[in-house]
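A short worksheet on the structure shown next.
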Amino acid sequence: MNFLALLLGLGVERLLTHLFHLREFHWLDPFFDWAFVTLYRTSRWFAAAGILLVVLVATLPLFLAAYFLEGTLADIPYFLFAVGVLLFSLGPHDLLDEGNDFCDAINSGDVSKARVLARDLLEDTGEHVDLSRVDEAIFIQANNRIFSVVFWFVVLGPVGAWLFRVTDLMRHRSTCELPRLSHETTQRITAEPIDGASLSIFYLHGLLAWIPSRLLVLGYMLAGSFDGALAGFRAYYARPAVVVSYLSDDVLSCVGSGAVGEVSLVSSVNADTNESDNDPLFLSAASERAAAAVNLVRRTLWLIWCPVLAVLTLTDWIF
């Protein structure tokens, strides 16, 4: 049942792009902000318990709905409910379309639009955005926006998908929106959280993303260059990581880059970000890398993950 809902949800998503703005869930922001402000500067254990309670409270309504719908009317209401929850747990934006839009902006010479898209993908609130990191951001955001949601949907049903979505919404709020609203400066995805509440949501999100990220790494290896991905996996151990969430980010970017045979632009360009943005060769390479990342994510989803889930579902039905 969950696999059929998954296929329908992934397929219907492409037809409902005009509803993507509803997946941003800004009406939850005041609740999240209240939690972060209340737990700010508290002890880490108290902050961790508070963050966990906030996540559970945000998940409870869907848990109750799933509980009462399951087993009624041949599970048809539950099936429709599961499809709806999955649709609104993915995203908020379509990652593949966003990556393609970035490439189109670069190819058409609209660098300003490319920077806006790159800032969203990189979750960068700083003044300058590094276009050379967009491909790595696509590999990372694929786990946050798609694969972790799919994994927890398969494991725990719609409640699992929404549970991960809530943690990712809170992580994004802590990483991007709160520093921007308080006029603080941050780094990219690898900015270290400074208070117990932010650290707690990073750990919780990292724990939920850990298993699907390793399965996604395997998917990148199978959908791309296995030798290159393996080399990237080895290179991952040479990169420092701060918390659990960053462990997943690092391995995804390293393996994903290796799977498409990429060489870091950062090491090949001896210029600052602004100078690089005006270099046609740099921009062309950044566009090609982003396009390769989009194609790898698409192949991993439809040629690796979905067939494997189909086989597992058939095996469960037969045996």
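Just so you know, all these numbers are worked out from the coordinates, no wet-lab data involved. Since we're looking at a predicted model, the values are computed, not measured. No Cβ is skipped: glycine too gets one built from the backbone with ideal geometry, and neighbour counts run over all protein chains shown.
Using the number of other C-beta atoms within 10 angstrom as an exposure proxy, rank 201, 146 with the fewest first. Arranged by neighbour count, lowest to highest, 201, 146 become 146, 201. For region 2-318, the C-alpha radius of gyration divided by 2.2 N^0.38 Å, with N the number of residues, is 1.00. Listing 217, 255 from fewest to most neighbouring C-beta atoms within 10 Å gives 217, 255. Using the empirical formula 2.2 N^0.38 Å as the baseline, the Cα radius of gyration of region 25-155 reaches a ratio of 1.35.
Counting every other Cβ atom within 10 Å of each residue's Cβ, 67, 78 order from fewest to most as 67, 78.
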